[in-house]
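The values are calculated or read from the model by the stated rules, or taken from the named source; none is laboratory data. What you are looking at is a predicted structure, and each value in this text was computed from that prediction instead of being measured. With ideal geometry, Cβ positions are generated from the backbone for all residues, glycine too; neighbour counts draw on all protein chains shown.
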Amino acid sequence: MSTFVHSRNKYRKEMPLMMKQCVGILVKSSLRSLNYSTKKVNLPSSPVEEYGRNLLTATYTHTKLKVFDMTRLVNLKIYFIRHGQTDENIIPLQARFTIDTFNSMMDSSPLSVRLNPTGIKQVESVAAQLVHIPFQTIVASPFRRAQETAAILARRWNRDVVTLDNLGEIVLAKVPWSGKELEIPFWLLITMTTWRHVWPWTDDEETLYQAFDRAREAWAELLNLAVQRGPIVVVSHLGFLRVLLLYIRTRKGCQVLKKDLGNGGISIVQVDDLAEAIQMPARQA
C-alpha cells in the first residue's frame with residue numbers, strides 16, 4: 001500500500017493531465033509491446049564548464065551537467081526512431097496461442113525477436129533519409145531488434161552506438177496462469193494482461209507510474225548525452241516512445257516537431273531551452 005501512496009503523491013500534478021492518455025497508450029502499445037530490461041547504465045559526466053547558475057542540475061542523480069560547446073544548446077534536435085519491423089509486429093490479432101506459448105514469447109522477446117527483411121529495408125531507408133544530418137552518436141535500447149536497427153545506422157553513418165537500458169520496451173505482462181492445450185486469440189491474451197499495468201499493486205510488471213518515472217530518467221540521460229556529444233539519434237520501441245514523447249510534451253523548453261511511431265518511423269524533438277527541459281522534480285528516496 002505504501003508504494004501506491006508514494007507513487008500517487010509523486011505524480012499528483014501530472015496525473016490529471018496524463019491519466020486519460022495513459023490508458024490509451026497502454027491499450028495501443030500493449031498490442032505490439034514486449035519485455036524490457038531494468039538494468040541501468042552509468043553515463044560519464046560531461047567535461048569542462050558549468051552552464052549558467054547550475055540550471056542544468058539533474059536532481060534525480062545530483063549530477064551537474066556541464067557543456068563544452070555552447071552552440072549545441074541552440075535549437076538542439078533529438079531524433080527518435082522506432083526499430084524496424086519484426087515478425088512479431090505483424091502477428092494477426094486473430095492468431096491463436098496457448099497461454100504457455102504466449103508467456104514464452106514474452107520471456108524470450110528481448111533476445112530472440114529480430115528484424116525481418118521488411119524491417120531491414122525500413123532502417124536502410126531511414127539511414128538514407130538522415131545521412132546528411134551530423135549525428136555524433138546512436139543511442140539504443142538493449143533489445144535485439146533495437147540493437148540490429150542501431151547497427152545498420154552505425155555502419156551507414158560510421159558512428160558509435162551507446163546502449164541505454166532505460167530505453168527498453170515496457171513490460172507486456174504474462175498471463176498469470178498456465179495452459180498447454182486451449183488456444184486463445186492473440187487479442188484476448190493481450191486483453192487479459194493489460195489490466196496488470198494499470199493496477200498499482202502489480203508485482204513483477206512495470207506499471208504506468210513506473211513507466212513515466214523511467215521516461216523522466218531516460219530524458220535526463222539523453223539530454224546529458226546530447227550536450228556532451230552533439231546531435232544524437234535514439235532507437236527505441238512503440239510502447240516506451242509513446243510514454244516518453246508524452247512526458248516530453250509536458251516539459252517546458254522543448255517541443256515535439258514530428259511524431260511517427262510506425263516501424264522505422266522518425267519522431268523529432270527540438271530543445272529550445274535546455275535549462276527548462278532538464279529540470280526535474282527531486283527524486284524521493
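When Trp195 is tested against (1) over 20 Å from Arg114 (Cα atoms); (2) touching a residue at least 12 places away in the same chain (Cβ under 8 Å), just one condition goes unmet, and that condition is (2).
For region 202-229, filtered to residues that are among the basic types (Lys, Arg) and modelled with pLDDT of 90 or more, the residue that is farthest from the chain's Cα centre (by Cα) is Arg216. Every condition in (1) over 16 Å from the mean Cα position of the chain (by Cα); (2) of a type in the set (D, E, K, R); (3) within 20 Å of Ser109 (Cα to Cα) holds for Arg156 except the one numbered (3).
Just one of (1) in contact with a His (Cβ under 9 Å, 6 or more places away or on another chain); (2) part of a strand (DSSP E or B); (3) not aliphatic (A, V, I, L, M) fails for Gly119. It is (2).
Filter region 170-204 for residues that are in contact with a Phe, Trp or Tyr (Cβ under 7 Å, 6 or more places away or on another chain), assigned to a helix (DSSP H, G or I) and among the aromatic types (Phe, Trp, Tyr) and give the result. Don't jump to the end; show me each part of the working.
Of the residues in region 170-204, the ones in contact with a Phe, Trp or Tyr (Cβ under 7 Å, 6 or more places away or on another chain) are 170-171, 175, 183-184, 186, 189, 200-201.
Narrowing the set further to residues that are assigned to a helix (DSSP H, G or I) leaves 186, 189.
Phe186 - this is the single residue of region 170-204 that is in contact with a Phe, Trp or Tyr (Cβ under 7 Å, 6 or more places away or on another chain), assigned to a helix (DSSP H, G or I) and among the aromatic types (Phe, Trp, Tyr).
Name the residue, out of Leu238, Leu182, Leu222, that is surrounded by 22 or more Cβ atoms within 10 Å (Cβ to Cβ) and within 22 Å of Ala95 (Cα to Cα).
Criteria check complete, one pass: Leu238.
Out of the residues in region 134-169 meeting the condition of being polar (S, T, N, Q) and part of a helix (DSSP H, G or I), tell me which one is nearest to Arg216 (Cα to Cα). Once the filter is applied, the top-ranked residue is Asn166.
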